[in-house]
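Chemist: Here you go, one structure.
The values are calculated or read from the model by the stated rules, or taken from the named source; none is laboratory data. The shown structure was predicted, so the numbers you read here are calculated from the model rather than taken from an experiment. Cβ sites come from the backbone with ideal geometry, for glycine too, and all protein chains shown count toward neighbours.
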Amino acid sequence: MRANSMVAMILAGGRGSRLYDLTKKVAKPAVHFGGKYRIVDFPLSNCANSDIKTVGVLTQYESVLLNSYVARDHYWGLDTNDGGVYVLTPRERDTTNLEVYRGTADAITANIDFLDSIDPEYVLILSGDHIYKMNYAKMLAYHKEMNADATIAVREVSLKEATRFGIMNTNKDDMIVEFEEKPAHPKSNLASMGIYIFTYKTLRKYLVADAKDPDSHHDFGKDIIPSFLNDKKRLVAYRFRGYWKDVGTVDSLWEANMDLLKENAELDLGDPTWKIYTEDVNSLPQFIGKEAKIEHCYVTQGSVIEGTAKNSVIGTNVVIGKGAKVIDSVIQPGAVIGENAVVTRCIVADDVVVPAGAVCGSAKSAEIELVADNEGE
Amino acid sequence: MRALGIISFEDNTANIEGLCDHRPVPAIAVMGRYRIVDFILSNMTNSGINNVQVYCKEKPRNLIEHLGDGSHYNINSKRGKLRILYGEKSFSSDVYNHDVANYMLNMQYIEEDSNPYVVVAPSYFVYPIDFNDVLKQHVESRADVTVLYTNAKEAKTQFLGCDVLKLDKFKTVTGFEKNRGKLKSQTISLEAYVMTKKLFIELVTKAAETSSLYWFKDVLADSVGELNMKGYQVKGYVACFNSLPEYYRISMELIDHKRALGLFKPGWPIYTQTNDSCPTIFSESAKVSNSVVANGAIIDGTVEGSIISRGCTIRKGAEVKNSILLPGAYIGENAKLDHVVVDKYAIVHHIKKLEGTNESPVYVQRRDRI
């Protein structure tokens with residue numbers, strides 16, 4: 001395979017407004033997950049592990065941290081001579097003014113010159129806000145085998161869940177015949193994962209046409225896929241079995257973290273054959289105090305635990321003071337839980353200091369409480 | 001900082017029994033995720049030393065893999081360089097394989113370095129130090145050689161076999177002796193020196209000409225009186241990994257977080273190579289207290305007063321107390337360990353109980369299966 005026969009483009013421009021204060025200062029893909037990772041580490045590590053050399057990351061919202069983070073391509077081993085991570089932000093050009101990305105497809109269209117310069121045969125479109133491990137090389141092999149114009153990764157969901165997703169209706173050969181966004185009465189249980197492989201030449205034509213269409217939303221789901229279907233292009237569903245989660249809300253981010261605690265967790269981050277790579281922050285090892293009690297937790301380096309932690313994910317450099325209790329919670333990196341504070345069913349945002357004796361969240365609350373610094377500094 | 005960093009190797013008085021059979025002292029794992037060499041090397045790079053030579057007496061494989069090109073120690077990959085140097089030819093006898101011989105064999109790399117000063121230090125002493133402060137004193141005092149030292153309070157049991165500095169009231173070195181454990185308080189040389197590169201080369205050459213068995217410290221001892229040698233006191237935490245009981249004692253001492261902060265100073269990062277391990281899983285049956293734990297471990301059992309390194313597994317019912325597990329060690333169900341050092345990837349499975357003491361902890365060999 002030629003080094004750059006497939007280029008990955010990660011859509012990482014969204015704010016993720018349903019994560020509220022977690023994305024007040026950083027874009028959703030930069031939000032921490034699993035104690036030490038950032039969400040964008042997942043698609044980037046998947047790319048590296050799938051032997052993809054060149055990755056474009058399309059950023060827009062609060063992109064300073066995200067841009068500098070993803071640009072350090074050596075974190076994921078993507079710093080090869082024939083590849084790298086390219087940060088693609090909206091730009092001013094010779095003939096046009098600075099224009100923001102108007103949609104997922106527009107973000108790719110705006111970087112056609114970049115893709116042309118790499119000249120790939122295939123383009124892999126990814127989202128910067130999903131937690132999963134996937135071998136894109138296998139998906140590409142399927143795309144080729146099926147002689148497809150586009151291959152869409154799907155997973156089976158319950159019919160009840162199907163109302164929340166973009167659903168692919170397929171024929172018996174898993175060829176996609178219809179696409180429905182959040183159907184009230186789903187005909188199929190194959191939900192799109194927002195992962196597409198396109199044959200670049202074909203995609204390029206459709207992107208150019210879409211850019212000229214004044215009625216288009218410039219969106220893959222709403223515009224590009226329907227156009228492909230209209231023109232009877234070969235659209236194939238690629239069934240993915242394994243862990244996948246959109247962590248777009250406080251509750252789903254919490255749930256995905258809790259999934260790491262399950263016995264024989266489906267999302268095994270300890271698998272040496274498919275590591276998820278991230279920044280090395282030079283933290284100390286964990287220091288567990290004399291009175292500490294840690295039960296059913298996922299704890300990462302740099303944390304100093306003097307109190308109790310139960311059913312929780314404890315991030316980098318977190319401090320849990322004496323007598324403090326952290327239960328059913330996710331403590332993001334750098335947060336400090338003061339002495340005798342009690343935190344239950346919460347996500348405590350990065351670097352937040354929960355004062356000594358404070359009580360956050362409750363075992364009875366249906367929703368997960370987000371504990372964030374509201375000072376706005 | 002305008003100095004070449006030279007990380008020297010320790011002489012034969014330092015021997016961490018068992019662990020040293022498999023790798024040199026600088027490559028020994030410590031505090032769950034570090035190697036001993038990380039401390040002195042981080043001191044150098046944090047001080048702004050961008051060119052570092054790490055001398056390795058033998059078994060360089062482990063060290064080469066760990067140090068790599070030095071980029072993870074914050075060495076500028078264009079302006080700086082990390083070199084791992086060792087005697088490329090074999091020595092007819094181990095007694096000829098000393099620091100001076102290795103400097104002589106690699107002299108061209110020392111000569112071609114453009115820095116006017118050298119900072120020479122071995123890795124088996126660990127302490128935080130900003131070498132800029134040492135160089136400043138060195139220049140201001142107009143010393144020929146500045147020797148780092150610590151005022152050891154427990155010299156009867158610690159720093160045994162290390163050099164003792166005799167200092168006058170102006171902190172001028174008047175002689176070198178050996179610490180044979182007779183006195184509680186001793187002025188222990190850290191075998192770390194600052195001098196001009198020119199003088200360093202002269203002294204190395206003189207040592208080689210004087211005796212083919214001379215270590216660098218021998219030529220320094222000969223030069224007392226001829227050269228203006230000044231002491232520089234390192235205040236704060238200093239430890240010396242020179243035996244298995246000391247390796248054990250120091251590790252146990254650093255489990256205390258406040259104590260550890262004497263070595264791991266805020267704003268003075270200790271770099272090491274990342275392993276991309278996932279966080280550690282503490283299961284429902286885990287009971288962990290008073291311990292240091294690295295990432296990538298799975299803990300189902302009980303851990304007390306111990307150091308658990310990257311990727312260790314402790315199964316249900318197992319009890320690990322006052323012990324050190326090196327990376328990848330596996331402790332099977334219901335095995336009970338007290339005062340044990342388990343080397344890398346060893347499996348303790350078929351034995352119910354292992355018990356050592358502070359003075360002689362039990363050592364389980366690398367990749368052993370018991």
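Chemist: Among A:Asp51, A:Asp106, A:Asp113, A:Asp119, which is over 18 Å from A:Tyr200 (Cα atoms) and acidic (Asp, Glu)? Spell out how you get there, then give the answer.
Modeler: On the way: A:Asp106 fails: over 18 Å from A:Tyr200 (Cα atoms); A:Asp113 fails: over 18 Å from A:Tyr200 (Cα atoms); A:Asp119 fails: over 18 Å from A:Tyr200 (Cα atoms).
Answer to the check: A:Asp51.
Chemist: Regarding A:Ala30, is this residue among the small types (Gly, Ala, Ser), modelled with pLDDT of 95 or more and closer than 26 Å to A:Ala335 by Cβ? Don't jump to the end; show me each part of the working.
Modeler: Details: among the small types (Gly, Ala, Ser): yes; modelled with pLDDT of 95 or more: yes; closer than 26 Å to A:Ala335 by Cβ: yes.
Taking the combined requirement at face value, the residue satisfies it.
Chemist: Listed residues B:Asp113, B:Asp38; which is in the same structural domain as B:Asp218 (by TED's automatic domain parsing), part of a helix (DSSP H, G or I) and of a type outside the set (A, V, I, L, M, F, W, C)?
Modeler: Values: B:Asp113 fails: part of a helix (DSSP H, G or I).
When all the criteria are applied, what remains is B:Asp38.
Chemist: For segment B:350-360, how many residues meet the condition of being in a loop (DSSP other than H, G, I, E, B), loosely packed, with under 14 Cβ neighbours inside 10 Å and either outside the structural domain of B:Val320 (by TED's automatic domain parsing) or touching a strand residue (DSSP E or B) at 6+ places or on another chain (Cβ under 7 Å) (or both)?
Modeler: 1
Chemist: I would also like to ask the following. Could you list, in sequence order, all residues of segment B:158-183 that are without any contact (Cβ under 8 Å) to a residue 60 or more places away in the chain, of a type in the set (A, V, I, L, M) and not in a strand (DSSP E or B)?
Modeler: Across segment B:158-183, the qualifying residue is only B:Leu183.
Chemist: Of all residues being of a type in the set (Val, Ile, Thr) and within 14 Å of another protein chain (Cβ to nearest Cβ) in segment B:6-54, which is nearest to B:Tyr103 (Cα to Cα)? Just the residue, please.
Modeler: Let us first name the residues in segment B:6-54 that are of a type in the set (Val, Ile, Thr), namely B:6-7, B:13, B:16, B:25, B:28, B:30, B:36-37, B:40, B:45, B:49, B:52, B:54.
Next, from what is left, pick out any that are within 14 Å of another protein chain (Cβ to nearest Cβ): B:30, B:45.
On the way: B:Val30: 27, B:Thr45: 21 Å.
Looking at the filtered set, the residue picked out is B:Thr45.
Chemist: Can you give me the number of residues within segment A:248-291 that are among the polar types (S, T, N, Q) and in contact (Cβ under 8 Å) with a residue 12 or more places away in the chain? Outline the logic, then answer.
Modeler: Pass one, segment A:248-291, residues among the polar types (S, T, N, Q): A:249, A:252, A:257, A:264, A:273, A:278, A:282-283, A:286.
Now drop any that are not in contact (Cβ under 8 Å) with a residue 12 or more places away in the chain, which leaves A:249, A:257, A:278, A:283, A:286.
The qualifying residues number 5.
Chemist: Output the number of the condition that B:Lys344 fails; it satisfies all remaining conditions of (1) basic (Lys, Arg); (2) over 26 Å from A:Leu269 (Cβ atoms); (3) within 24 Å of the chain's Cα centre (by Cα).
Modeler: (2)
Chemist: Kindly indicate which of B:Ser211, B:Ser189 is surrounded by fewer than 22 Cβ atoms within 10 Å (Cβ to Cβ) and hydroxyl-bearing (Ser, Thr, Tyr).
Modeler: Values: B:Ser189 fails: surrounded by fewer than 22 Cβ atoms within 10 Å (Cβ to Cβ).
Residue meeting the stated conditions: B:Ser211.
Chemist: Would you check if B:Lys316 is among the basic types (Lys, Arg), outside the structural domain of B:Met31 (by TED's automatic domain parsing) and crowded, with 19+ Cβ neighbours inside 10 Å? Even if it seems obvious, please write down each step before you answer.
Modeler: Values: among the basic types (Lys, Arg): yes; outside the structural domain of B:Met31 (by TED's automatic domain parsing): yes; crowded, with 19+ Cβ neighbours inside 10 Å: no.
Against the criterion (among the basic types (Lys, Arg), outside the structural domain of B:Met31 (by TED's automatic domain parsing) and crowded, with 19+ Cβ neighbours inside 10 Å), B:Lys316 does not qualify.
Chemist: Would you pick out the residues in segment B:323-343 that are surrounded by 22 or more Cβ atoms within 10 Å (Cβ to Cβ) and in a loop (DSSP other than H, G, I, E, B)?
Modeler: From segment B:323-343, those surrounded by 22 or more Cβ atoms within 10 Å (Cβ to Cβ) are B:323-326, B:329, B:331, B:335, B:337, B:340-343; that's our starting set.
Across segment B:323-343, the qualifying residues are B:Ser323, B:Leu326, B:Ala329, B:Ala335, B:Asp343.
Chemist: Now a separate question. When segment A:282-307 is examined, which residues are found to be surrounded by 18 or more Cβ atoms within 10 Å (Cβ to Cβ), at the interface with another protein chain (Cβ under 7 Å from one of its Cβ atoms) and part of a loop (DSSP other than H, G, I, E, B)?
Modeler: If the condition is that a residue be surrounded by 18 or more Cβ atoms within 10 Å (Cβ to Cβ), at the interface with another protein chain (Cβ under 7 Å from one of its Cβ atoms) and part of a loop (DSSP other than H, G, I, E, B), then A:Leu284, A:Pro285, A:Gly289, A:Ala292, A:Thr300, A:Gln301 are the ones that fit.
Chemist: Still on this structure, I have one more. Checking A:Ala324 against (1) touching a helix residue (DSSP H, G or I) at 6+ places or on another chain (Cβ under 8 Å); (2) over 27 Å from A:Arg18 (Cα atoms); (3) of a type in the set (A, V, I, L, M); (4) away from chain B (no Cβ under 12 Å), which single condition isn't satisfied?
Modeler: Only one criterion in (1) touching a helix residue (DSSP H, G or I) at 6+ places or on another chain (Cβ under 8 Å); (2) over 27 Å from A:Arg18 (Cα atoms); (3) of a type in the set (A, V, I, L, M); (4) away from chain B (no Cβ under 12 Å) is unmet by A:Ala324, namely (1).
Chemist: Of the residues A:Gly35, A:Gly13, which is buried (at least 17 other Cβ atoms within 10 Å of the Cβ), part of a loop (DSSP other than H, G, I, E, B) and within 14 Å of another protein chain (Cβ to nearest Cβ)? Before you say what the answer is, go through the steps one by one.
Modeler: Working: A:Gly13 fails: within 14 Å of another protein chain (Cβ to nearest Cβ).
Going through A:Gly35, A:Gly13 in turn, just one is buried (at least 17 other Cβ atoms within 10 Å of the Cβ), part of a loop (DSSP other than H, G, I, E, B) and within 14 Å of another protein chain (Cβ to nearest Cβ): A:Gly35.
Chemist: Which helices (runs of 4 or more DSSP H) sit wholly inside segment A:81-157 and have at least 3 residues that are within 30 Å of A:Asp271 (Cβ to Cβ)?
Modeler: Details: elements: A:104-109, A:112-118, A:136-145.
Output list reads A:136-145.
Chemist: What is the number of the single condition among (1) within 25 Å of A:Tyr69 (Cα to Cα); (2) at pLDDT 95 or above; (3) over 19 Å from the mean Cα position of the chain (by Cα) that A:Pro272 does not meet?
Modeler: Of everything listed in (1) within 25 Å of A:Tyr69 (Cα to Cα); (2) at pLDDT 95 or above; (3) over 19 Å from the mean Cα position of the chain (by Cα), A:Pro272 misses just condition (2).
Chemist: Taking B:Tyr73, is it under 19 Å from the mean Cα position of the chain (by Cα) and within 14 Å of another protein chain (Cβ to nearest Cβ)?
Modeler: Considered against the rule, which asks whether it is under 19 Å from the mean Cα position of the chain (by Cα) and within 14 Å of another protein chain (Cβ to nearest Cβ), B:Tyr73 comes out as yes.
Chemist: Any residue at all in segment B:136-157 that's buried (at least 22 other Cβ atoms within 10 Å of the Cβ), under 25 Å from the mean Cα position of the chain (by Cα) and in a loop (DSSP other than H, G, I, E, B)?
Modeler: Yes; the residues of segment B:136-157 include at least one that is buried (at least 22 other Cβ atoms within 10 Å of the Cβ), under 25 Å from the mean Cα position of the chain (by Cα) and in a loop (DSSP other than H, G, I, E, B).
Chemist: Same structure, new question: Have a look at B:Glu58, B:Glu88, B:Glu17 and point out the one that is surrounded by fewer than 20 Cβ atoms within 10 Å (Cβ to Cβ), assigned to a loop (DSSP other than H, G, I, E, B) and at pLDDT 90 or above. Explain how you work it out, then say what you get.
Modeler: On the way: B:Glu58 fails: at pLDDT 90 or above; B:Glu88 fails: at pLDDT 90 or above.
Just one listed residue meets the conditions, B:Glu17.
Chemist: Does segment A:344-362 include one or more residues that are among the polar types (S, T, N, Q) and within 17 Å of A:Val318 (Cα to Cα)? Step through it out loud before you land on a result.
Modeler: Our first condition is that a residue be among the polar types (S, T, N, Q); within segment A:344-362, this holds for A:344, A:362.
Then keep just the ones that are within 17 Å of A:Val318 (Cα to Cα); that gives A:344.
Checked segment A:344-362: at least one residue is among the polar types (S, T, N, Q) and within 17 Å of A:Val318 (Cα to Cα).
Chemist: On to the next question. State which residue is surrounded by the most Cβ atoms within 10 Å (Cβ to Cβ) when the search covers only segment B:167-176 and only residues that are of a type in the set (D, E, K, R) and more than 24 Å from B:Tyr237 (Cβ to Cβ). Quick ask: steps written out before the conclusion?
Modeler: Going residue by residue through segment B:167-176, those that are of a type in the set (D, E, K, R) are B:168-169, B:171.
When the remaining residues are screened for being more than 24 Å from B:Tyr237 (Cβ to Cβ), the result is B:168-169.
On the way: B:Asp168: 10, B:Lys169: 5.
Filtering first and then ranking leaves B:Asp168.
Chemist: Restricting to segment A:167-176, name every residue that is loosely packed, with under 14 Cβ neighbours inside 10 Å and touching a strand residue (DSSP E or B) at 6+ places or on another chain (Cβ under 6 Å). Steps first, please.
Modeler: Filtering segment A:167-176 down to residues loosely packed, with under 14 Cβ neighbours inside 10 Å leaves A:171-173.
Listed by number, the list holds a single entry, A:Asn171.
Chemist: B:Leu244 passes all but one of (1) closer than 20 Å to B:Val147 by Cβ; (2) in contact (Cβ under 8 Å) with a residue 12 or more places away in the chain; which number fails?
Modeler: (1)
Chemist: Here are A:Arg15, A:Arg38, A:Arg93: which of them is more than 30 Å from A:Ser283 (Cα to Cα) and among the charged types (D, E, K, R)?
Modeler: Values: A:Arg15 fails: more than 30 Å from A:Ser283 (Cα to Cα); A:Arg38 fails: more than 30 Å from A:Ser283 (Cα to Cα).
The unique qualifying residue is A:Arg93.
Chemist: Identify, by number, the condition in (1) surrounded by fewer than 16 Cβ atoms within 10 Å (Cβ to Cβ); (2) touching a helix residue (DSSP H, G or I) at 6+ places or on another chain (Cβ under 7 Å); (3) modelled with pLDDT of 95 or more that A:Glu181 doesn't meet.
Modeler: Status for A:Glu181: all satisfied but (3).
Chemist: Provide a single number: the residues in segment B:315-328 that are without any contact (Cβ under 8 Å) to a residue 24 or more places away in the chain and among the hydrophobic types (A, V, I, L, M, F, W, C).
Modeler: 3
Chemist: Further question on the same structure: Run B:Val100 past the list (1) surrounded by 15 or more Cβ atoms within 10 Å (Cβ to Cβ); (2) at pLDDT below 95 and report the number of the one that doesn't hold.
Modeler: (2)
Chemist: Right, next: For the condition among the small types (Gly, Ala, Ser) and touching a Phe, Trp or Tyr at 6+ places or on another chain (Cβ under 9 Å), what is the one hit in A:Ala184, A:Ala162, A:Ala150? Lay out the reasoning, then the answer.
Modeler: Numbers: A:Ala184 fails: touching a Phe, Trp or Tyr at 6+ places or on another chain (Cβ under 9 Å); A:Ala162 fails: touching a Phe, Trp or Tyr at 6+ places or on another chain (Cβ under 9 Å).
Just one listed residue meets the conditions, A:Ala150.
Chemist: Restricting attention to helices (runs of 4 or more DSSP H) lying wholly within segment A:166-281, give those where 3 or more residues are under 30 Å from A:Thr316 (Cα atoms) and out of contact with any Pro (no Cβ under 9 Å at 6 or more places or on another chain).
Modeler: On the way: elements: A:200-212, A:225-230, A:250-259.
Answer list for segment A:166-281: A:250-259.
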